[in-house]
Ligand SMILES: Nc1ncnc2c1ncn2[C@@H]1O[C@H](COP(=O)(O)OP(=O)(O)OP(=O)(O)O)[C@@H](O)[C@H]1O
Ligand SMILES: [Mg+2]
């Protein structure tokens, strides 16, 4: 039994190469055929994306599990389609709830790539917007703005950050309502080539959905991104440092932990984003320290962050 027809590679009857749509045009496999799932999986190159997700993000086990489940569903759907088994395309609109810096944008980027590799969307790009990109200031401005964004996002993922700002309960004539209605239509009718991800804080998203049941019912996956604990923040820091070619001196390790604990307790703490910012500032101090110090440096000096590179932070208060 030949299984080499692949997905989307077989010329359509008129000789034009088929687009992403798997197997349409190709005759369905006979009922007694069997398909090598490992090969299907390898052909889709989906593992590359899943592995990247695992490697670049610390923790987030439930998020990673859900993304894997979605990948499995789409892969199996493709195989079913080869047998001519019809099923509706799964609805993949999602909400990503969590505090700032918990990895929502990063996961959305990987999701877009994954959906592309599995043939769910044509291009696999991410268009990230907020209320201001969708909603106009004057009557008649909102619809063209929203449609323009939707046009840009077609074939990929539309990521709407702090989506609840689209809805203003206190003002029923708010133009945001118009954007919501256009989104609802497209989410229903064009979901074969666009996935919408609504992102934001969990409590505000919950009340947004409570006030907008139409939106709520179009969201198939509610994925929650919990805050990181100190150990996870530390691991995230080490991952970022390693990627940038830095390391902590052994005596810096505890200082870095102290830094994270203090920072977590402060206002405007933004999880992994705060870790990234802390490292950026430590790099500044490190560079200044080197330039202010001896005339020569070696590789170790260039790559090693010392306690003072963190201790000078305001997080530790004014030092005596
Ligand atoms: N679990 C993680 N492991 C490693 N790095 C992470 C993790 N989560 C987030 N980051 C990093 O932290 C930074 C912020 O992440 P991201 O932009 O995805 O968060 P976000 O939830 O979209 O935040 P915001 O709500 O502020 O937009 C990025 O540089 C990202 O790579
Ligand atoms: Mg973000």
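Suppose the filter is touching a helix residue (DSSP H, G or I) at 6+ places or on another chain (Cβ under 9 Å), away from ligand 1 (no atom under 16 Å from the Cβ), farther than 30 Å from residue 256 by Cα and in contact (Cβ under 8 Å) with a residue 24 or more places away in the chain; does residue 158 pass it?
Values: touching a helix residue (DSSP H, G or I) at 6+ places or on another chain (Cβ under 9 Å): yes; away from ligand 1 (no atom under 16 Å from the Cβ): no; farther than 30 Å from residue 256 by Cα: yes; in contact (Cβ under 8 Å) with a residue 24 or more places away in the chain: yes.
Answer is no for this residue.
Report, ordered by the first and then the second residue, all pairs with beta carbons closer than 6 Å, sequence separation of six or more or different chains, a first member in the stretch 192-210 that is under 24 Å from residue 121 (Cβ atoms), and a second member that is within 16 Å of ligand 1 (Cβ to nearest atom) and in a loop (DSSP other than H, G, I, E, B).
200/162
So residue 211 fits all but one of (1) farther than 19 Å from residue 70 by Cβ; (2) more than 16 Å from ligand 2 (Cβ to nearest atom); (3) crowded, with 20+ Cβ neighbours inside 10 Å; what number is the exception?
Answer for residue 211: the failing condition is (3).
Can you tell me which of 265, 220, 282 is farther than 22 Å from residue 56 by Cα and touching a strand residue (DSSP E or B) at 6+ places or on another chain (Cβ under 9 Å)? Let's see the steps before the verdict.
Values: 265 fails: touching a strand residue (DSSP E or B) at 6+ places or on another chain (Cβ under 9 Å); 282 fails: farther than 22 Å from residue 56 by Cα.
It is 220.
Which number in (1) within 25 Å of residue 125 (Cβ to Cβ); (2) buried (at least 20 other Cβ atoms within 10 Å of the Cβ) marks the one condition that residue 175 misses?
All conditions pass for residue 175, except number (1).
Can you name the residue in the stretch 90-113 that is away from ligand 2 (no atom under 12 Å from the Cβ) and not in a strand (DSSP E or B) and is also surrounded by the fewest Cβ atoms within 10 Å (Cβ to Cβ) among such residues?
Per the stated criteria, the residue is 90.
Being buried (at least 17 other Cβ atoms within 10 Å of the Cβ), farther than 18 Å from residue 136 by Cβ and touching a strand residue (DSSP E or B) at 6+ places or on another chain (Cβ under 8 Å) narrows it down to one residue among 198, 166; which is it?
Exactly one residue qualifies, and that residue is 198.
Yes/no per residue for (1) surrounded by 14 or more Cβ atoms within 10 Å (Cβ to Cβ); (2) over 24 Å from the mean Cα position of the chain (by Cα); (3) within 16 Å of ligand 2 (Cβ to nearest atom):
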| residue | (1), (2), (3) |
| --- | --- |
| 254 | no, yes, no |
| 261 | no, yes, no |
| 268 | no, no, yes |
| 272 | yes, no, yes |
| 277 | no, no, yes |
| 281 | yes, yes, no |
| 287 | no, yes, no |
| 294 | no, yes, no |
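Rule-based calculations on the coordinates, nothing more; no lab input. Bear in mind the structure is a predicted one, so any value in this text is a computation, not a measurement. So basically every Cβ, Gly included, is an ideal-geometry build from the backbone, and we count neighbours across all protein chains shown.
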